[in-house]
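Quick notes on the structure that follows.
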Amino acid sequence: MIRYFDEDVRIVKEDLLAMPVCDIANAPKLFAAVISVFIDHETPWKNVIDFPSDSANVMIGKSNSVSRRAKEQNHSVYCLPCVSHLCHLVAKAAVKATPKPVEDMLVDNFYYFNGSVKRKQEYQQWCNADVLTLIEHIETSWFSLHQAAEKCSNQWEPLYANFNSSPEVEKSGKVQGDAEYLRDVKMKLFFLFLKYG
C-alpha cells in the first residue's frame, strides 16, 4: 500500500503498489522484495516517509528486520507497527486472561442461532427484540472479536432471557453453559470492556 499526493487531481490517494511473492519470510528476502518493487516503480528511498507493517519480529525487530534495513536506506523513515494489529493483540491477550471462554461463547451463540430460522424467530417474538444480529468470531480475523463482542453486549438482556428460558437449559451442553455465562455479572463486565476497550 502506498499513500501519495496526486498532482493531477490534487488529492492524497492510497493504492496497492504491488504484491510481490516472497518464498521465504525472513528479513533479507522480504526486504529484497520491497527493494524490487521500489526499483520497478523508480521510487527512491528519500521519498519514503513511513514504513508500516504488522508487529512480527521479522518486520519491526531491533536488529535483523525489514524496518531496520529500511532505516539503513533512509534514516528519516518512520517504522510503526500496525495499530489495528496491536489493538487486536491486546484484546486477544485480555480474552486469554479471563477464566471464562469468551471466544467459545461468541462462537456458540452465533452457531446456535445461525443454524435455525426457528430459533431466530422465537428469539425475536419471545424477547420482543429487534432482529438478532450476531457476528461470527473468527480467531484469525483482527476485528471480529471486537465486533462480535459488541453485538453480543448490545443484545445481552434478550440473549440472557432467551437462553435462560430455553427448555434446553436443563440439559448439560452448550445452551446450559451459555445461559450460565449470561447470568455471570463478571462475564457481562468483560464484554463491556471488549465493547468499549
Quiz item: What number, rounded to the nearest 500 deg cm²/dmol, is the helix-based mean residue ellipticity at 222 nm of the chain, given -39500 (n - 2.57) per DSSP H run of at least four residues and division by all its residues?
Solution: -16500 deg cm²/dmol
Practice problem: Once you have the Cα-Cα distance between D184 and L80, take 0.36 nm times their residue separation minus that, and quote the gain in nm to one decimal. | Solution: 33.5 nm
Self-check item: Stretchable slack from F5 to D50, in nm (0.36 nm times residue separation minus alpha-carbon distance)
Solution: 14.8 nm
Quiz item: Under 5 Å between amide H atoms, partner at least 5 residues away or on a different chain: which partners does S53 have, H built in plane at 1.01 Å?
Solution: L80, C82
Quiz prompt | Amide H contacts of L17 (H built 1.01 Å from N, under 5 Å, at least 5 apart or other chain) | solution = I2
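Given an 8 Å cut-off on Cα distances and at least 6 residues of separation, report the relative contact order of the chain as a percent.
Relative contact order comes out at 12 percent.
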Quiz item: Only one of the listed values, (i) 8, 30, 35, 16, 6, 3, 1, 0; (ii) 8, 27, 21, 16, 16, 11, 2; (iii) 9, 38, 39, 13, 0, was derived from the coordinates as P(r) over Cα pairs in 10 Å bins from 0, in percent; which label is it?
Solution: (ii)
Quiz prompt | Between helix 156-165 and the chain: long-axis angle, C-alpha atoms, 0 to 90°, nearest 10 | solution = 40
Quiz item: What ranking do H85, H137, H75 get, fewest neighbouring Cβ atoms within 10 angstrom at the top?
Solution: H75, H85, H137
Self-check item: Label-point separation in nm, Q73 to E170, each point 7 Å along Cα→Cβ
Solution: 6.9
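Laboratory data are not the source of any read-out in this text; all were calculated from the coordinates shown. Note that this is a predicted model, so its numbers are computed, not measured. No Cβ is skipped: glycine too gets one built from the backbone with ideal geometry, and neighbour counts run over all protein chains shown.
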